[in-house]
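Chemist: Before anything else, here's the structure in question.
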Amino acid sequence: TSDHLRHVESMSTLPSGAGRISRLNAVILGDSLASEEDDLVFPSQAFSDQAHVPSPQKYLEMYTRSIQDPAGFWSEIASQFYWKERWSQQVYSENLDIRKGNVRIEWFKGGVTNICYNCLDRNIDSGSGDRVAIYWEGNEPGSDGMLTYNQLLARVCQLANYLKDVGVQKGDAVVIYLPMLMELPIAMLACARIGAVHSVVFAGFSAESLAQRIMDCKPKVVISCNAVRRGSKVIYLKEIVDAALAESAKNGIIIDVCLTYENESAMKRETTKWQKGRDIWWQDVVPKYPTTCAVEWVDAEDALFLLYTSGSTGKPKGVLHTTGGYMVYTATTFKYAFDYKPSDVYWCTADCGWITGHSYVTYGPLLNAATVVVYEGAPNYPNPGRCWEIVDKYKVSIFYTAPTLVRSLMRDGDEFVTRYSRKSLRVLGSVGEPINPSAWRWFFNIVGDSRCPISDTWWQTETGGFMITPLPGAWPQKPGSATFPFFGVQPVIVDEKGAEIEGECSGYLCVKSSWPGAFRTLYGDHERYETTYFSAFPGYYFSGDGCSRDKDGYYWLTGRVDDVINVSGHRIGTAEVESALVSHPQCAEAAVVGVEHEVKGQGIYAFVTLVEGVPYSEELRRSLIMTVRNQIGAFAAPDKIHWAPALPKTRSGKIMRRILRKIASRQLDELGDISTLAEPGVVDQLISLADC
Ligand code: 6R9
């Protein structure tokens, strides 16, 4: 059927690999190998023997079935969940081709279920009630807590009852602006239980960003807390919420209920500013409600959540995921990509404010009755050994994180790692950006003691779950490659004209046909959904990423090909940063590009033209950066402001970002053809100001 299948068929004849790890060490010691691509790292025989998918042959068998008979493959898996009513005859229906009408994806339509019920009640009914659902670790070493599945259900039900009582109904939006407290997954699950649509906003976003999201989805209730400790800092979240609610009220969106958790360790309620009538302390009301709450049964295609993400243009997009397909997909990808077993303890360092926290802190793991570590604090606080201290404390066996953290810990030195045992670890994971081979090797050799496979999972907010990922027992890995597609996923690489390229190649990464976890629309803007994702290459979903495939069929992600920057695994649209900069009264024009950054992957590099007559100054630089922090959040602050008397533009007025990228990365001999510029002299001016 597909090109990929043919590749995989040839892969299944690879030699089986126990003992090949020594070859990896040879690379580190400096022996040169033909190329990075030839560097294979095999799982140990013992690992493969116990794995869900123990061999390339088994992968091939399951993958082939998933492509040839998606309906059969996925409905068998879906049957393991509880459905109040089974889905209709037709397991899925889709149209991904805008030339044939509106883009539409539906899975398990007509099926009636509830994802909270499947995470909690179903697992409790099958004997997991006393299993630990969440180990919570506070920012300060020594502060911790835990909830069993029974206790988690009780907490979720209390909040669900409260939300119903204040008028939240099926289909209503609820905005959640919380740090990594247990209350964050509790709030998500409580919404899901009553059919409300949660929209979690990462608690690092500014008041303006929060307000923008509130105004877009118009929630019935906002759930937050007064403050949080992160590392040695205290962040006063309630002040940010107050400012956001004031801003949205100015625009006619009035929020009646702001449920606020008193995070005592960071701030006492007495010192928290309060708006009587609107603000309610969580602790004063929620515990009074019954610990059981009837489930709101929903259609598989009813909305589960909205999550805003950055695009290359305009304001953030509300990515909408529905219930049934997302449930089946997150649970299944979690199980296979991490080779999850009931004896595992799982820790994902992502915040629930991002998709990784939705799919792989909350839903995927809990659907598998897993024990999840939720960590409130900064990963290097009070020192760079904290992660491994936590791993040893809870006997974490699956550790899932981002390359940026790996690189930053790598810089801090091996001794912070090696002083801890880490012997509970058996699978490592990486997400958010391509992991460079040297970080991969450090993660593998030092953190994992050369015995834990790394699942480098490529996916997106839009895809709901893993798309290209190692299955750790099945495949030899190549450091830096996300390896092969997950079951049911048909990646294709296309050229500029949208023609599929076969074999060894590089181009734009697209996906053919749908998978259960795919997003269904952009909230309130289906047209933008179609134009952003389905019109560049008609017939395919376009990811926005570049990708190459090597001679063995391995996929290598090469980063965004649109105007999205990936800073520490966070997606930031250049347009958003530019619009924040130009809102500064002294900024006339701004152009933002990504540059390579040793720890963050990419850094934000901003070219700024000032209003006529305004002089450059250190103070102004700081004030411009402050403006971006206030409008988006600290994580989007530019790393560099480059004063630009003018920007290089074509005669039609288009900013030539290609040239700006080269200047930003100081590749001055690769500027290429600048003769099409309206004023070629601009380039020399910019170069002369590079280090001012
Ligand atoms: C899950 C998540 C999506 C973008 C995506 C790509 C990059 C994520 C990656 C990766 C290479 C990986 N990305 N995982 N690139 N290898 N394993 O991060 O979602 O925040 O929507 O970002 O992140 O560029 O397009 P999201």
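The values are calculated or read from the model by the stated rules, or taken from the named source; none is laboratory data. Note that the coordinates shown come from a computational prediction; the quantities given were computed from them, not determined experimentally. Using ideal geometry, Cβ is built from the backbone for each residue, glycine included, and neighbour counts are taken over all protein chains shown. These accessible areas exclude ligands, DNA and RNA; they are computed on the full protein's heavy atoms, side chains included. Shrake-Rupley method; radii C 1.70, N 1.55, O 1.52, S 1.80 Å.
Chemist: Identify the single condition in (1) more than 23 Å from Pro615 (Cβ to Cβ); (2) in contact with a Leu (Cβ under 9 Å, 6 or more places away or on another chain) that Lys654 does not satisfy, given that it satisfies every other one.
Modeler: (2)
Chemist: Within region 115-155, how many residues turn out to be part of a helix (DSSP H, G or I) and within 30 Å of Lys233 (Cα to Cα)? It would help to see each step written out before you state the result.
Modeler: Kept after step one, since they are part of a helix (DSSP H, G or I), are these residues of region 115-155: 115-119, 121-128, 149-155.
Of the ones still in play, those that are also within 30 Å of Lys233 (Cα to Cα) are 152, 155.
Here the count works out to 2.
Chemist: Okay, next question. Which of (1) part of a loop (DSSP other than H, G, I, E, B); (2) more than 29 Å from Pro54 (Cα to Cα); (3) within 16 Å of the ligand (Cβ to nearest atom); (4) of a type outside the set (Gly, Ala, Ser) does Glu496 not meet, given it meets every other one?
Modeler: (3)
Chemist: Give the number of residues within region 538-562 that are within 16 Å of the ligand (Cβ to nearest atom), surrounded by fewer than 19 Cβ atoms within 10 Å (Cβ to Cβ) and not in a strand (DSSP E or B).
Modeler: Residues meeting the conditions: 2.
Chemist: Here's a follow-up. Here are some residues: Glu415, Glu433. Which one is open to solvent by 10 Å² or more (accessible area, probe 1.4 Å), touching a residue at least 40 places away in the same chain (Cβ under 8 Å) and charged (D, E, K, R)? Reasoning before the result, please.
Modeler: Values: Glu415 fails: touching a residue at least 40 places away in the same chain (Cβ under 8 Å).
The unique qualifying residue is Glu433.
Chemist: Of all residues in region 178-189, which are out of contact with any Phe, Trp or Tyr (no Cβ under 8 Å at 6 or more places or on another chain) and touching a residue at least 40 places away in the same chain (Cβ under 8 Å)? So that I can check it myself, show each step before the final result.
Modeler: Going through region 178-189, the residues out of contact with any Phe, Trp or Tyr (no Cβ under 8 Å at 6 or more places or on another chain) turn out to be 179, 184-187, 189.
Answer for region 178-189, where residues must be out of contact with any Phe, Trp or Tyr (no Cβ under 8 Å at 6 or more places or on another chain) and touching a residue at least 40 places away in the same chain (Cβ under 8 Å): Pro179, Leu184, Pro185, Leu189.
Chemist: Could you check region 178-193 and list, in sequence order, the residues that are among the hydrophobic types (A, V, I, L, M, F, W, C) and within 19 Å of Met327 (Cα to Cα)? Can you show your working first?
Modeler: Pass one, region 178-193, residues among the hydrophobic types (A, V, I, L, M, F, W, C): 178, 180-182, 184, 186-192.
Once the filter is applied, which keeps residues that are among the hydrophobic types (A, V, I, L, M, F, W, C) and within 19 Å of Met327 (Cα to Cα), region 178-193 yields Leu184, Ile186, Ala187, Met188, Leu189, Ala190, Cys191, Ala192.
Chemist: Could you list, ordered by first residue, the pairs with Cβ atoms under 7 Å in which the first is in region 551-566 and under 19 Å from Gly601 (Cα atoms) and without any contact (Cβ under 8 Å) to a residue 40 or more places away in the chain and the second is open to solvent by 40 Å² or more (accessible area, probe 1.4 Å) and within 12 Å of the ligand (Cβ to nearest atom), at least 6 apart or interchain?
Modeler: Listed pairs, sorted by first residue: Ile565/Gln602.
Chemist: Another question, if that's okay. Could you give every pair whose Cβ atoms fall below 6 Å, whose first residue belongs to region 295-317 and is more than 30 Å from Val593 (Cα to Cα), and whose second residue is of a type in the set (Ser, Thr, Tyr) and within 16 Å of the ligand (Cβ to nearest atom), counting only separations of at least 6 or pairs across chains?
Modeler: Leu304/Tyr326
Chemist: Now for a different question. State whether one or more residues within region 289-308 are touching a Lys or Arg at 6+ places or on another chain (Cβ under 6 Å), within 21 Å of Ile253 (Cβ to Cβ) and modelled with pLDDT of 95 or more.
Modeler: Within region 289-308, one or more residues are touching a Lys or Arg at 6+ places or on another chain (Cβ under 6 Å), within 21 Å of Ile253 (Cβ to Cβ) and modelled with pLDDT of 95 or more.
Chemist: Further question: Which is within 25 Å of Lys315 (Cβ to Cβ), in a loop (DSSP other than H, G, I, E, B) and open to solvent by 10 Å² or more (accessible area, probe 1.4 Å), of Gly613, Gly653? Walk me through it before giving the result.
Modeler: Details: Gly613 fails: within 25 Å of Lys315 (Cβ to Cβ).
Unique residue meeting the criteria: Gly653.
Chemist: For region 358-367, check the following and say yes or no: at least one residue is closer than 20 Å to Arg426 by Cα and surrounded by fewer than 24 Cβ atoms within 10 Å (Cβ to Cβ). It would help to see each step written out before you state the result.
Modeler: Initial filter on region 358-367 (closer than 20 Å to Arg426 by Cα): 360-361, 364-366.
Of the ones still in play, those that are also surrounded by fewer than 24 Cβ atoms within 10 Å (Cβ to Cβ) are none.
There is no residue in region 358-367 that is closer than 20 Å to Arg426 by Cα and surrounded by fewer than 24 Cβ atoms within 10 Å (Cβ to Cβ).
Chemist: May I ask you to list the residues in region 59-69 that are open to solvent by 70 Å² or more (accessible area, probe 1.4 Å) and in contact with a Gly (Cβ under 9 Å, 6 or more places away or on another chain)? Talk me through it step by step, then tell me what you get.
Modeler: Just the residues of region 59-69 that are open to solvent by 70 Å² or more (accessible area, probe 1.4 Å), to begin with: 61, 65, 68.
Listed by number, the list holds a single entry, Arg65.
Chemist: Taking Arg426 as the residue in question, decide whether it is among the basic types (Lys, Arg), out of contact with any Ser or Thr (no Cβ under 9 Å at 6 or more places or on another chain), open to solvent by 40 Å² or more (accessible area, probe 1.4 Å) and away from the ligand (no atom under 16 Å from the Cβ). So that I can check it myself, show each step before the final result.
Modeler: Working: among the basic types (Lys, Arg): yes; out of contact with any Ser or Thr (no Cβ under 9 Å at 6 or more places or on another chain): no; open to solvent by 40 Å² or more (accessible area, probe 1.4 Å): yes; away from the ligand (no atom under 16 Å from the Cβ): yes.
Judged against the criteria, Arg426 is not a match.
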